[in-house]
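Note sheet for the following structure.
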Amino acid sequence: MNRTQWASVTAVVLALLFAGGAVTVASADRDDAAAEAPRTPAAESADAGFARDMAVHHQQAVEMSFIVRDRTKDEEVRRLAYDIANTQANQRGMMLGWLDLWGLPKVQSGVAPMTWMGMGVDLGGEDGELMPGMATRAELDRLRRASGREAEVLYLKLMTEHHKGGIHMAQGCVERCAPGVERNLAQGMVDAQASEITLMADMLKARGA
């Protein structure tokens with residue numbers, strides 16, 4: 001075999017090697033893309049159930065916080081109310097955004113709240129208490145009528161119970177949601193709201209309640 005023939009054979013071998021390498025790289029790229037593809041939860045999943053139920057739970061916390069800001073001039077309570085309203089409104093927006101991204105309904109008719117936790121809570125909802133920790137409409141009306149120290153104490157008590165219910169639900173997501181941003185957010189809620197419960201206990205004590 002002359003030099004020209006050897007060169008031709010070498011070129012063919014190199015071309016085959018490069019082609020094989022390209023196929024391997026392309027296959028690896030496809031595998032990586034599949035592994036990194038966003039997961040879409042089912043409507044009955046813990047991820048979707050948590051996003052739906054916690055969005056409702058958060059909405060009431062935001063409402064209570066805005067009410068008390070108008071019923072007291074105490075800067076400590078107003079600052080706490082602002083922090084809770086701002087944080088939970090932002091988190092609520094994130095959860096509703098996830099549901100939109102997943103193409104899932106924000107309300108699941110015929111399914112009791114917290115079914116995704118294996119609880120299927122049915123508190124009736126006639127007085128607004130849809131889930132554990134949520135205030136009734138009568139309690140919200142009391143808060144709207146109260147002022148000064150009375151409003152501060154009532155808000156702190158209602159929000160403490162609200163946080164306890166929220167922590168219970170968020171812990172359910174930590175245990176059941178798929179790893180990722182949903183579960184990380186839920187753990188952040190558990191930690192932050194537990195800290196706020198301690199703060200509110202001190203604030204209640206300072207107000208003789």
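Okay, here's what the table says:
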quantity	calculated
Helices (runs of 4 or more DSSP H) contained in the stretch 1-107 and holding at least 3 residues at pLDDT below 95 and surrounded by 10 or more Cβ atoms within 10 Å (Cβ to Cβ)	3-36
The stretch 71-109: number of residues that are of a type in the set (S, T, N, Q) and more than 17 Å from Gln193 (Cβ to Cβ)	3
Single residue of Val190, Val153 found to be modelled with pLDDT of 95 or more, more than 22 Å from the chain's Cα centre (by Cα) and within 21 Å of Glu63 (Cα to Cα)	Val153
Qualifying position, being without any contact (Cβ under 8 Å) to a residue 60 or more places away in the chain, farther than 16 Å from Met95 by Cα and of a type in the set (Lys, Arg), among Arg144, Arg207	Arg207
Number of the exception - Arg142 against (1) of a type in the set (Lys, Arg); (2) closer than 27 Å to Arg71 by Cα; (3) in contact with a Cys (Cβ under 9 Å, 6 or more places away or on another chain)	(3)
Pairs with Cβ under 8 Å, 6+ apart, first in the stretch 91-104 and in contact (Cβ under 8 Å) with a residue 24 or more places away in the chain, second in a helix (DSSP H, G or I) and among the polar types (S, T, N, Q)	Arg92/Gln59
Residue in the stretch 109-125 that is at pLDDT below 95, polar (S, T, N, Q) and more than 15 Å from Glu63 (Cα to Cα) present	yes
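The values are calculated or read from the model by the stated rules, or taken from the named source; none is laboratory data. A quick note: this is a predicted structure, and the numbers were derived from the prediction, not measured. Quick reminder, even Gly has a Cβ in these numbers, built from the backbone with ideal geometry, and neighbours come from all protein chains shown.
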